[in-house]
Amino acid sequence: MRPAVAAAATTTMTKTTTIVMKFGGTAVDSPDKVKHVAGIVKSHKAKNDIVCVVSAVRGMTDGLLAISDSVRRGDRSSIDEFVSKAAKIHSDIVQGAISDEKLREQALAQVKKTVGELQDILGGIVLLGEVTPKSLDYLLSFGERLSAPIVAYALQDAGIDSEFLTGKEAGIVTDSNFGEARPLMDTTKLRVNHTILPITKRGAVPVITGFIGADQHGNTTTIGRGGSDYTATIVAASIGASEVWLWSDVDGLMTADPKLVKDACVLKEVSFAEAMEMALFGAKYMHPRALEPVIDTKIPIRIRNTFNVSHPGTLITQNPGRDSQKIVKSVSAIRRTALIDVSGGGMVGAPGTAAKIFDTLAKNRVNIMMISQSPSESSISMVVRKADLDKATTTLELNLLGRVIKRIDVSDNVAVIAVVGSGMRGIKGVAAKVFGAVARRNVNVIMIAQGSSELNLAFVIDDKDCEKAVQALHDEFGLGKARKQQQ
């Protein structure tokens, strides 16, 4: 663990609450925004212990992914250009965000050191001419490793003692599934507690890189795109935080995508179960796995807007208040999806048919988003991402066609619509209202799926009908009225 960024006056006063604050890439991509982040932390520091989790500067992770392709091609000129650009972006943020000359020089030295390491790593990988999952994770870690020190020094510049750590240094231990690593929570809790609590006890603010952990052998791992949310909840569960605040560029979870529905509004409060469904069905402002670490500990999560701090955001909690327990909370749409229907008389009554289909796709890393099977057992319908369609159909054709299955039919331009709300449990007529609303808009439903939890009702339609279907359901359940009620 590295020492604090600089000596500063600290306090040993124990705060009554601990808040883990995560700041996304849009919150740290300019000098003014970094200073704004420091101001937010400072405004809450007097009454709370604060732990920060920081994402990479917006566009940095995408840039690192793109440069990995240049590495495979041995394109040194693109690599040099990217490294120079990364150095300039982060140096410019330091120059504008930190006023104290000594702190600014320390921050610039840290950026220079990390960029130098990035260049060395890229130079080494390009000689090999390949990027393994293990080396890609190490490469992708540099976005957060550049942004976290800048935020730590900006906090120091604002008069707050601070220390920056990678997720690995903070104690986040994962399995070795590079790219989508999962935390080993028992070990992680022990190590994060041991590392983070002494820092907060002395009155300092730890600034931890999001997205990054390490396996038991010390290899850098990443926990999936958007993983800073996940890091924040892992840390919160480990130290027993009071709340997690996920700062983003939206006011909170919404009743629908505002790009599809003009009167979509922010939800005041949702349950963990509802939030999980919304994240899985396309709510872009929260990592789908971010809720896992805090569900058992019942630590509330609040989604807030970095650029609209007066808005309270959306509170995600175990037991929402009665006034927020509506039948339907939101209508989500997942686009750029495809429907695969496999059929054949030999599937009827043949044990293990579904297992063979799903296992074949899983071995080729095709994720199935939604499944439906006819009672006759003669067909199974599956929804996959459009990007996985070619791989999925080729895999099925090579391994199963003519043996387990007789026919593969594909609809390559569909959308999944999901109606989410815990109030649907046990309520008669919800499905009738849903399908009646879309039928009145002349929308054909291709496939339907609902789990026994009754938390969501999902169905597939042609993508061209997506917008009018979402609007129809938003109107049918009066979700736009929440805006008027909150005003």
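Please treat every number below as a calculation from the coordinates, not as lab data. No experiment lies behind these values; they were computed from the predicted model shown. All Cβ positions, glycine included, derive from the backbone under ideal geometry; neighbour counts span all protein chains shown.
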* What are the residues whose amide H is under 5 Å from the amide H of Ile408, where those residues sit 5 or more places off or on another chain and H is modelled from the backbone? -> none
* **Cα centroid separation - segment 406-480 against segment 66-134, whole Å** => 46
* Positive-end extreme of charge dipole, segment 330-486 - chosen from Ile368, Asn442, Val342 (charges on Cβ) -> Asn442
* Once phi is turned into θ = phi - 60°, what whole-Hz ³J(HN,Hα) does the Karplus curve with 6.51, -1.76 and 1.60 give for every residue of segment 208-213, x standing for Gly and Pro? -> 10, 5, x, 6, 10, x
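So between Asp186 and Ser242, what do we pick up on full extension, going 0.36 nm a residue minus the alpha carbon distance?
Details: separation 56, 0.36 × 56 = 20.16 nm, distance 1.94 nm.
Stretched out fully, the Asp186 to Ser242 stretch lengthens by 18.2 nm.
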* Among the lysines, which fall within straight-line cross-link reach of Lys386, defined as a Cα-Cα distance under 25 Å, with same-chain neighbours fewer than 8 residues apart omitted? -> Lys259, Lys284, Lys356, Lys363, Lys406, Lys464, Lys468
* Phi-based couplings in Hz for segment 332-340 (Karplus 6.51, -1.76, 1.60; Gly and Pro marked x) -> 10, 9, 10, 9, 6, 10, 9, 10, 10
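Pairs Lys45/Lys298; Lys85/Lys113; Lys33/Lys168; Lys88/Lys112; Lys113/Lys201: which are spaced more than 18 Å apart, C-alpha to C-alpha? It would help to have the intermediate numbers written out before the result.
On the way: Lys45/Lys298 23 Å; Lys85/Lys113 15 Å; Lys33/Lys168 26 Å; Lys88/Lys112 10 Å; Lys113/Lys201 29 Å.
Violating the 18 Å limit, Cα to Cα: Lys45/Lys298; Lys33/Lys168; Lys113/Lys201.
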* To do: Give the residue from Ile196, Asn456, Ser162 lying farthest towards the positive end of the charge dipole for the chain; charges sit on Cβ (+1 for Lys and Arg, -1 for Asp and Glu) and the dipole is referred to the Cα centre.
  => Asn456
* To do: Please sort 158-171, 253-266 by packing, taking for each peptide the average over its residues of neighbouring beta carbons within 10 angstrom, highest first.
  => 158-171, 253-266
* Okay, helix-only estimate at 222 nm for the chain: each DSSP H run of n ≥ 4 adds -39500 (n - 2.57), divide by all residues, round to 500 deg cm²/dmol; what do you get? -> -13000 deg cm²/dmol
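Rounded, prolate or oblate, given the Cα gyration tensor of segment 17-248, with a/c below 1.5 counting as rounded?
Numbers: a/c = 2.14, a/b = 1.25, b/c = 1.71.
Because a/c hits 1.5 or more and a/b fails to exceed b/c, segment 17-248 counts as oblate.
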* Partner aspartates and glutamates for Lys42 [C-alpha distance under 16 Å; skip if fewer than 8 residues away on the same chain] -> Asp32, Asp157, Asp161, Glu163
* May I ask which residue of Gln119, Ser248, Leu140 lies farthest towards the positive end of the charge dipole of segment 17-248, with charges of +1 (Lys, Arg) and -1 (Asp, Glu) on Cβ and the Cα centre as origin? => Ser248
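Under 1.5 on a/c is rounded, so check that first for segment 330-486, then, if it is not, pick prolate when a/b is larger than b/c and oblate when it is not; a ≥ b ≥ c are the square roots of the alpha carbon gyration tensor eigenvalues. Kindly include the intermediate steps, with their values, before the conclusion.
Values: a/c = 2.42, a/b = 1.97, b/c = 1.23.
The shape class here is prolate.
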* Asked: Distance from the Cα centre of segment 239-255 to that of segment 306-364, in angstrom?
  -> 21
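Can you give the charge dipole size of the chain about its Cα centre, rounded to the nearest 20 debye, using +1 on the beta carbon of Lys and Arg and -1 on the beta carbon of Asp and Glu?
Values: 59 positive and 52 negative charges, 185 e Å.
In debye, rounded to 20, the chain gives about 880.
Hey, what did segment 17-248 get for relative contact order, percent, Cα under 8 Å, at least 6 apart?
Numbers: 454 pairs, mean separation 65.8, N = 232.
About 28 percent, as a whole number.
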* Asked: If packing is taken as the mean number of other Cβ atoms within 10 Å per residue, what is the order of 105-113, 435-443, highest first?
  -> 105-113, 435-443
* Go through 292-301, 20-29 and give me the packing order, highest mean Cβ count within 10 Å leading. => 20-29, 292-301
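I need the shape label for segment 366-405. Rule: rounded when a/c is under 1.5, else prolate if a/b > b/c, else oblate, with a, b, c from the alpha carbon gyration tensor. Spell out each step's value before the answer.
Details: a/c = 3.39, a/b = 1.16, b/c = 2.93.
Oblate is the answer for segment 366-405, as a/c is 1.5 or above yet b/c matches or exceeds a/b.
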